[in-house]
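First comes the structure, then the notes that go with it.
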Amino acid sequence: MRRFAPSRLYLTVAAISLGLTAFSTWSALRWWPVSLAALLFAATSGLIVWLATRPVIEIHRDRLCVGKRSVSWREIRRVDQTGWVAPMVVFLTLNGDERLRLLYPGDAETSSELLGLIQQNAVGALINGIPWVKIFGRPPEETVAPALEPPARIKVLTDEDEAEVERLYQQLRTAGRFNDQEK
């Protein structure tokens, strides 16, 4: 599972914007033309606070969770990017032509990582109008369990020590002392 929370930078910028709103409002009491700046700072503060309070996006193996809403990867039919990277805005078309706007207020690097994970996991979807198979190749087999490979052997002894242990083992075996314990 991967969690993508809104960037903390938005809270910092919101605090600064609220401070500028307060200062502009105070200045507007003395000189009325400043009230336009106070109004713009207030609108900007509201937008930034709204972005900072967006729900966390979680990527699970079988679903995408946006806040309390959970969407199975199989339900997603289209993933359409917009020109917005930070904050990232993506439209997901679900079964039944339901559209879900996904808004993630994060930095550009984290946003592109989230977008990549969404695109890779939405196996049956069109990615910006292109079939998933043409972009990523054949989908992974879900019904066949992956073959368990033996764990990688950790090298504890050097090659010379391994040869010495093997030689001693062969001597014990030929002397018959090693096989006595097996009975």
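If I ask for residues that are closer than 21 Å to ALA5 by Cβ and of a type in the set (Phe, Trp, Tyr), which ones from segment 31-72 would you list?
Of everything in segment 31-72, just one residue is closer than 21 Å to ALA5 by Cβ and of a type in the set (Phe, Trp, Tyr), namely TRP50.
When you scan segment 29-67, how many residues do you find that are in contact (Cβ under 8 Å) with a residue 24 or more places away in the chain and touching a helix residue (DSSP H, G or I) at 6+ places or on another chain (Cβ under 6 Å)?
Counting residues in segment 29-67 that are in contact (Cβ under 8 Å) with a residue 24 or more places away in the chain and touching a helix residue (DSSP H, G or I) at 6+ places or on another chain (Cβ under 6 Å) gives 8.
Do we find a residue being crowded, with 16+ Cβ neighbours inside 10 Å, under 18 Å from the mean Cα position of the chain (by Cα) and part of a strand (DSSP E or B) anywhere in segment 34-57?
The answer is yes; a qualifying residue exists.
For segment 108-140, give me the residue count where each residue is of a type outside the set (S, T, N, Q) and either in contact with a Phe, Trp or Tyr (Cβ under 8 Å, 6 or more places away or on another chain) or under 17 Å from ILE59 (Cβ atoms) (or both). Walk me through it before giving the result.
In the first step, residues of segment 108-140 are kept if they are of a type outside the set (S, T, N, Q); the result is 108-109, 113-118, 122-127, 129-140.
Okay, now just the ones that are also either in contact with a Phe, Trp or Tyr (Cβ under 8 Å, 6 or more places away or on another chain) or under 17 Å from ILE59 (Cβ atoms) (or both), so 109, 113-118, 122-127, 132, 136, 139-140.
Number of matching residues: 17.
Among the listed residues ASP97, ASP107, identify the single one that is farther than 20 Å from ILE127 by Cβ, out of contact with any helix residue (DSSP H, G or I) (no Cβ under 7 Å at 6 or more places or on another chain) and in the same structural domain as VAL123 (by TED's automatic domain parsing). I'd like the intermediate steps shown before the answer.
On the way: ASP97 fails: farther than 20 Å from ILE127 by Cβ.
The unique qualifying residue is ASP107.
The rows are residues; the columns are (1) of a type in the set (A, V, I, L, M); (2) at pLDDT 95 or above; (3) within 13 Å of the chain's Cα centre (by Cα); (4) assigned to a loop (DSSP other than H, G, I, E, B).
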site	(1), (2), (3), (4)
ARG61	no, no, yes, yes
CYS65	no, yes, yes, no
ARG74	no, no, no, no
THR110	no, no, yes, no
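Let me spell it out: the conditions are (1) closer than 22 Å to ARG3 by Cα; (2) part of a helix (DSSP H, G or I); (3) free of Cβ contacts under 8 Å to residues at least 12 places away in the same chain, and LEU117 meets all of them except one. Which number is the exception?
Failed condition: (3).
Could you grab me the full set of residues in segment 76-106 that are modelled with pLDDT under 90 and closer than 21 Å to GLY129 by Cβ?
Scanning segment 76-106 gives GLY83, TRP84, VAL85, GLY96, ASP97.
Return yes or no: is SER7 part of a helix (DSSP H, G or I) and hydroxyl-bearing (Ser, Thr, Tyr)?
Here the answer is no, as SER7 does not meet what is asked.
The values are calculated or read from the model by the stated rules, or taken from the named source; none is laboratory data. As the structure is a computational prediction, the values presented were derived from the model and not from experiment. Please note: Cβ atoms are built from the backbone with ideal geometry, for glycine as well, and neighbour counts cover all protein chains shown.
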